[in-house]
Amino acid sequence: MDSTTALQIAVLINSPSFNEFCHAVRQSFSDAFRIVAPAAQVDFYDPVVEGYFPRPQDCDLIVLSGGKADASSSEPWVLKLLDFVRVAARDSPRTQIMGICFGHQTVARAFGGEVAAVSTGPIAAIQDVNLTEVGKKFFPFAANSGYYVHPEFQNDLVKKLLLEEDDVYNGNSSRQQLELEVRKLDQSMDGIDLLRRVIQWVKE
C-alpha cells in the first residue's frame, strides 16, 4: 500500500456495547493503535447488538476482538459474523484480517476449522505460547521468548478481567490462582511488539 496513506482499521468488539468492560477494551485498543500506528483511522463496530459491520473494501485491517461468547455456537450474531469474515476474505483479498481469542476462533471456523469449548470451561490465565516455524518467521523477535499477551490488553484491564469480571472468564479459577496470574503481569510481555509487527504486515 502507499506509505503516505493513513491506515484504515476496523475493530469489531465482540461483546455487548453496553457492557462497561467492552468500553474498557475499546479504549485499550485505541491506546495500543495510537502507539503503533498514530496516523491510522480506527473505527469500532458492534456485531453483537447492533449487527454493525464495516465495508471490507474500505479497510486495510479488520480486527476481530475477543469476547465471552462461544465461537462454536449457532447464535444468530455469531453466524452473521462468520458470513462477514468469509465475504470479506472473498471480496476484499487485500484487506488483512486479525482475530484475537474469540476472534481467532471465529476466523478458524469461518474457513472450515473445528472449534469446541474446553471441557473444563473457560480458564483465565497468562501462559507461554509455543510458536510454529511459520509463527517464528512472522514474529522473529519473539521466536525464543514464547511469552505473549493480547496486544490490546494493558495491565489494569487484565487485572479487571481476572479479579473483577463475572465468572464467564474466571469461574474455574480460585482467588489464589487468579492473584498468581496477576503477579505475572510484572514480567515483560510482547503485546505491543506483536501489534507493531501486524501493522508492518498490513503495509507489506
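We did not get these values from a lab; they are worked out from the coordinates using the rules stated. The model shown is predicted, which means the values in this text are computed figures rather than measured ones. Don't worry about glycine lacking a Cβ; one is built from the backbone with ideal geometry, like all the others, and counts go over all protein chains shown.
Relative to the current alpha-carbon distance between LYS203 and ALA108, full extension at 0.36 nm per residue lengthens the span by 31.9 nm. By the Cα gyration tensor, the stretch 8-119 has an equivalent ellipsoid whose semi-axes, rounded to whole angstrom, run 21, 18, 12 from largest to smallest.
For the stretch 1-57 versus the stretch 69-100, the spacing of their alpha-carbon centroids is 15 Å. Packing order of peptides 60-68, 22-30, highest average first: 60-68, 22-30 (average count of other Cβ atoms within 10 Å over each peptide's residues). Net charge in the neighbourhood of ASP70 (other residues with Cβ under 14 Å of its Cβ; Lys, Arg +1, Asp, Glu -1) is 0. Bridgeable lysines around LYS160 (alpha carbons under 29 Å apart, same-chain partners fewer than 8 residues away excluded): LYS68, LYS184.
How much FRET efficiency would the formula 1/(1 + (r/R0)^6) give for SER74 and ASN19, where r is the Cβ-Cβ distance and R0 is 22 Å, rounded to 0.05? With a Förster radius of 22 Å, E is 0.50. If you plug the beta carbon distance of LEU185 and ASP91 into 1/(1 + (r/R0)^6) with R0 = 41 Å, you get a FRET efficiency near 0.50.
The overall shape of the stretch 1-63, judged from the alpha-carbon gyration tensor, is oblate: a/c is not under 1.5, and a/b is no greater than b/c. Each Lys and Arg adds +1 at its Cβ and each Asp and Glu adds -1 at its Cβ; summed about the Cα centre, the stretch 8-119 shows a dipole of about 200 debye. Distance between the modelled labels on ASP58 and VAL129, one decimal in nanometres: 3.0 nm (7 Å Cα→Cβ projection).
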